[in-house]
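Visitor: Please read through the structure below; I'll follow up with questions.
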Amino acid sequence: MLARVLLALSLVPALALALCQPDGQDAYKVRLSIKTALGANAYEWNESEQFLFRATLAFAMRKYTGQETFNVSSVIVCDETPRVSFWFVVTNPNDTATLIPKNAVEEAIRLSRNRINSAFLLSDKTLQFLGIPPTLAPPSQPSLPVWLIVFGVVMGIVTTGILALIISGFIQRKKKDIEDEDEEEKQEGIMENGISCETLEGKEGVNNGAYSHDEDRLTQL
Amino acid sequence: MVEDSRPSWENPMQFVLACVSYAVGLGNVWRFPYLCQMHGGGGFLIPYLIMLVVEGLPLFYLELAIGQHMRQGSIGAWSAINPYMGGVGIASVVVSIFLTIYYNVINAWAFWYLFHSFQGTLPWAECPLSSNLTTYVPECEKSSSTDYFWYRETLNISSSIEDHGGIQMGQALCLVLSWMVVYLCVLRGTEATGKLSDLADPKAWIDAATQILFSLGLGCGSLIAFASYNHHNNNFEKQAIVVSLINSATSIFASLVTFSIYGFKATFNYESCLDRTQLLLINTFDLTEDSIKPDNLDDWISHLNASFPDKFATISSQIEGCDLESELDTAVEGTGLAFIVYSEAIKNMGLSQLWSVLYFSMLLMLGIGSMLGNVAAIITPLRDSAFLTRHFRKETLIGMMCLFCCLVGLSFTTRSGNYWFTIFNDYAATFSLLFIVLIEIITICYVYGLKKFEKDIELMIGHRPHWYWKITWSVVSPVLIIGLFIFYTADYIMGGTPTYQAWDSNLGKTVTKEYPPYAQAVIGLLLVTSMICVPLVALITFIKKKKEQAKESKIITTAT
């Protein structure tokens, strides 16, 4: 009996290792860049940190599925490297021999990504789940592109300027024409027989060209 | 109705400012720093300054003298100097038309960047996200956010000149706005200045000589146009020297600024490259994070290649050799520099929106100033023509010209527009201007007569020009320009098919491609159209004179 229990117990880690395979169908690779993220404040990656990771992942699964049966033991890790990268799988709490499918794990991680990152003081870029791309914050797009508004303003000013110049030039020309006409009209005044009445009122009188032939009296030789 | 009294500048300072505004333009910001860098930095200043004194100043002086004496635009002035030489003026106008058509596109780009500066984060500071919001757009990741903004969001450039694409609405709108601004400014008065600088020959002295020539805007007729509005006794001698010196000082100052930005960008790119390579290696081979440092990167690469050849082979295509020298050598010139490099620098400054607005406003002022000079070079001779002034009002004439240039300029807002723009930038006003300036100087010295010219100048400013000017006009400058001409032609012939830099969106960088035959035909056309005016007009005048002589001799024979 004891032997069987011992055998079973020794098989469990072996089984666990068999379940967690790099490039496995339901396995994910995780890569942490702690030194890049924290620089001088970087912490050492050790067993306890690994424990925290598994616990956080179990939390994510619990949150996603709503089942409170997930435990640290449900998350199996393998192939750790000095990079600080490793593979992990999540086993089904009801049946430890089967794995939770990849999609479910992905959804769970996406849901709690922020919490997982915060637990390790990292970000989407420095705590990478290869195969689960981070959802980057989309840049805020205003309803109307700002540049069009500025363009509209400047265009409006320039058009007004052009119209103002053209119209003012036009008006000036009209004024000039009217002034010229006015001067001519002033000279005409009231006319009778081609002679302005004003000049008739003067004392000098007007020389009537029809009666002055002085120059022609003497014919030219 | 020809104007009985020519409009004139309100005071000499206005004329000087107009000339400075014309001469100092985008070429100072772009072209000169690039040339300095190509020819070994500070060393380029020596040939540049020598050429300024020996070639630039004398020619500048010459053009101002012609304009002020003849009191007409380039066509009228040259026809008055010698009827056979009227073609020089026409050639200048043709070159100015080409220039005007493509130059305003730069202002359109400046407007585009300016309008996009009014945002929380500058749009060229970050890469946009791909459609599934998980990564950045690959084209942007491979190049940089500023490159991406320029090539994709501003130009939406196609992969080669054959690939036409449609007109880009944003660019077209900005171009229309630029033309309206130019129209507004030209309506207001007689000011305008512009500047262009183009080179072809890689040799430092050739580049210096040509840079000076074009940097001062000689040969386009703009200086003649400006000077034609001067009072007869304006002391243009001093002004010529002042303007040329200001222009060169601006070029040198701009290159100081530009070099610092080059250095910054090169260092930044180099360090990013190193980071990327390092990350790639530690991720693939699962090494500890800080095991690979920039100094031992190469050792690691060879070690890993030797120890794990299969695994290394999978990533070997992604290993880009990082080299600071090559980063520094890829001097971006022309439009790339002003927009990509400077926007790169601005995005890393604090208060980047403010600097961005200031910088692009400055670019706009330089560009519009240059545009007004080019437009003046075209409008002045047109309005000297009695026929046109009689039938069209000033506003209509300028408006029609602006509309025509705007419509043709729209072709530069297509997806392949930037490649056509580069053709115009490189060929429309380089060779032709050399030719025009050469003909100008030979005409004045040997056809019109140097003695006669001296007397004209004495009448205007009260003293004869110093012997230095006379030597440079009659001997030094023509020899220099002929030398430039020969080198230019030889380089063009021996250089093989001309090539251009096309943007490859998959690689995220520019690749060299050859021009297709029809593009080469356009290049040839650009060169020939302006230069052929000179012999053509001479020929036509010759034929006319022969006909008149024949008529006169007929009348005499029939009368007797």
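The values are calculated or read from the model by the stated rules, or taken from the named source; none is laboratory data. Predicted model, so just to flag it, every value in this text is computed and none were measured. Neighbour counts run over all protein chains shown; Cβ positions are idealised from the backbone, glycine included. Surface accessibility is based on the protein's heavy atoms, side chains included, excluding ligands, DNA and RNA. Shrake-Rupley method; radii C 1.70, N 1.55, O 1.52, S 1.80 Å.
Visitor: Determine how large the accessible area of residue B:135 is when every protein chain is in place; take a 1.4 Å probe and give Å² rounded to the nearest 10.
Guide: 70 Å²
Visitor: Using alpha-carbon pairs under 8 Å, 6+ residues apart, how would you state the relative contact order of the stretch B:264-329 in percent? Could you put the intermediate results ahead of the total?
Guide: Details: 28 pairs, mean separation 33.8, N = 66.
Once divided by the residue count of the stretch B:264-329, the mean separation gives 51 percent.
Visitor: Among the aspartates and glutamates, which fall within straight-line cross-link reach of residue B:544, defined as a Cα-Cα distance under 17 Å, with same-chain neighbours fewer than 8 residues apart omitted?
Guide: Residue B:544 reaches B:552.
Visitor: Can you tell me the dipole magnitude for chain B around its Cα centre, using point charges on the Cβ only (Lys, Arg +1; Asp, Glu -1), in Debye to the nearest 20?
Guide: So the dipole magnitude of chain B works out to roughly 3140 debye.
Visitor: Now for a separate question. Going down the list A:125/B:311; B:142/B:311; B:142/B:293; A:35/A:63; B:455/B:547, which pairs span over 28 Å between their C-alpha atoms? Could the numbers behind the result be given before it?
Guide: On the way: A:125/B:311 24 Å; B:142/B:311 23 Å; B:142/B:293 22 Å; A:35/A:63 30 Å; B:455/B:547 34 Å.
The pairs that break the limit, which is 28 Å between Cα atoms, are A:35/A:63; B:455/B:547.
Visitor: Could you compute Rg(Cα) / (2.2 N^0.38 Å) for the stretch A:11-129, with N its residue count? Spell out each step's value before the answer.
Guide: Working: Rg = 13.8 Å, N = 119, 2.2 N^0.38 = 13.5 Å.
Scaled against compact globular proteins, the figure is 1.02.
Visitor: Using +1 at the Cβ of each Lys and Arg and -1 at the Cβ of each Asp and Glu in the protein assembly as shown, identify which of B:462, B:481, B:98 lies farthest towards the dipole's positive end.
Guide: With unit charges placed on the Cβ atoms, the residue in question is B:481.
Visitor: Counting heavy atoms of the protein chains only and a 1.4 Å probe, report the per residue accessible area for the stretch A:11-129 as a whole number of Å². Mind showing how you got there, number by number?
Guide: Details: 6100 Å² over 119 residues.
For the stretch A:11-129, the solvent-accessible area averages 51 Å² per residue.
Visitor: Is there a simple number for the mean count of other chain Cβ atoms within 10 Å of the Cβ of residues in A:146-152, and what is it?
Guide: Details: counts 7, 13, 3, 2, 7, 9, 2.
For this peptide, the per-residue mean of nearby foreign Cβ atoms is 6.
Visitor: Counting Lys and Arg as +1 and Asp and Glu as -1, each charge on the Cβ, what is the dipole of the protein assembly as shown about the Cα centre in debye, to the nearest 20? Provide the component values of the computation, followed by the final result.
Guide: Working: 52 positive and 73 negative charges, 120 e Å.
Taking the Cα centre of the protein assembly as shown as origin, the dipole is about 580 debye.
Visitor: Compare B:503, A:87 by solvent-accessible area with a 1.4 Å probe and give them largest first, with all protein chains kept in place. Before the final figure, lay out the partial values.
Guide: Working: B:503 10, A:87 35 Å².
Correct descending sequence by accessible area is A:87, B:503.
Visitor: State log₁₀ I(q)/I(0) for chain B at q = 0.12, 0.13 Å⁻¹ as given by the Debye formula over alpha-carbon point scatterers of equal weight, solvent excluded.
Guide: Values returned for q = 0.12, 0.13 Å⁻¹ are -1.17, -1.34.
Visitor: Now for a separate question. Output the residues of the stretch A:73-101 meeting this criterion: accessible area (heavy atoms, 1.4 Å probe) in the chain alone minus accessible area with all protein chains in place is 40 Å² or greater.
Guide: A:82, A:83
Visitor: Under the rule of -39500 (n - 2.57) per DSSP H run of 4 or more residues, summed and divided by the residues of chain B, what mean residue ellipticity at 222 nm is obtained, to the nearest 500 deg cm²/dmol?
Guide: Numbers: 26 runs with 366 residues, N = 560.
The helix-only estimate for chain B comes to -21000 deg cm²/dmol at 222 nm.
Visitor: So what's Rg/Rh here for the protein assembly as shown, counting alpha carbon atoms and using the Kirkwood radius for Rh?
Guide: Details: Rg = 37.9 Å, Rh = 32.1 Å.
That ratio is 1.18, to two decimals.
Visitor: Near residue B:394, which lysines are there with a Cα under 19 Å away, not counting those fewer than 8 places off in the same chain?
Guide: Counting by Cα, and skipping residues close in sequence, residue B:394 has these lysines nearby: A:174, A:175, A:176.
Visitor: Looking at B:174, B:184, B:213, which one has the Cα that reaches farthest to the positive end of the dipole of the protein assembly as shown (charges on Cβ: Lys, Arg +1; Asp, Glu -1)?
Guide: B:213
Visitor: Based on the alpha-carbon gyration tensor of the stretch B:16-91, what equivalent-ellipsoid semi-axes (square roots of 5 times the eigenvalues) come out, in whole Å, largest first?
Guide: 31, 14, 12
Visitor: Heavy atoms only, probe 1.4 angstrom, no DNA, RNA or ligands counted: give me B:268, B:431, B:115 ranked by accessible area, highest first.
Guide: Numbers: B:268 90, B:431 30, B:115 0 Å².
The most accessible residue leads, giving B:268, B:431, B:115.
Visitor: Given a 1.4 Å probe and every protein chain left where it sits, what share in percent of the accessible area of the protein assembly as shown is carbon and sulfur?
Guide: Working: 23750 of 38470 Å².
Of the solvent-accessible surface of the protein assembly as shown, carbon and sulfur hold 62 percent.
Visitor: Jot down the per residue volume, in cubic angstrom and as a whole number, of the convex hull over the alpha-carbon atoms of the stretch B:264-329. Present the calculation step by step, with values, prior to reporting the outcome.
Guide: Details: hull volume 5.5 nm³, N = 66.
Each residue corresponds to 83 Å³ of Cα convex hull volume.
Visitor: Please give the average number of partner chain Cβ atoms lying within 10 Å of the Cβ of each residue in A:24-34, rounded to a whole number. If you can, show how the numbers build up before the last one.
Guide: Numbers: counts 0, 0, 0, 0, 0, 1, 0, 3, 1, 4, 1.
The mean count of partner-chain Cβ atoms within 10 Å per residue comes to 1.
Visitor: Could you sort the peptides B:383-390, B:166-173 by per-residue average Cβ neighbour count (10 Å cutoff), highest mean leading? Don't skip to the end; give the middle numbers.
Guide: Working: B:383-390: 13.8, B:166-173: 17.9.
Averaged packing, sorted descending, gives the order B:166-173, B:383-390.
Visitor: Length gain on complete extension for the stretch residue B:307 to residue B:509, per 0.36 nm per residue less the alpha carbon to alpha carbon distance?
Guide: Numbers: separation 202, 0.36 × 202 = 72.72 nm, distance 3.25 nm.
The span from residue B:307 to residue B:509 would gain 69.5 nm if fully extended.
Visitor: Now for a separate question. How shielded is A:158-170 by partner chains, expressed as the average number of their Cβ atoms within 10 Å of its Cβ atoms?
Guide: Values: counts 9, 3, 1, 7, 7, 1, 2, 5, 6, 0, 0, 4, 2.
Shielding by partners across A:158-170 averages 4.
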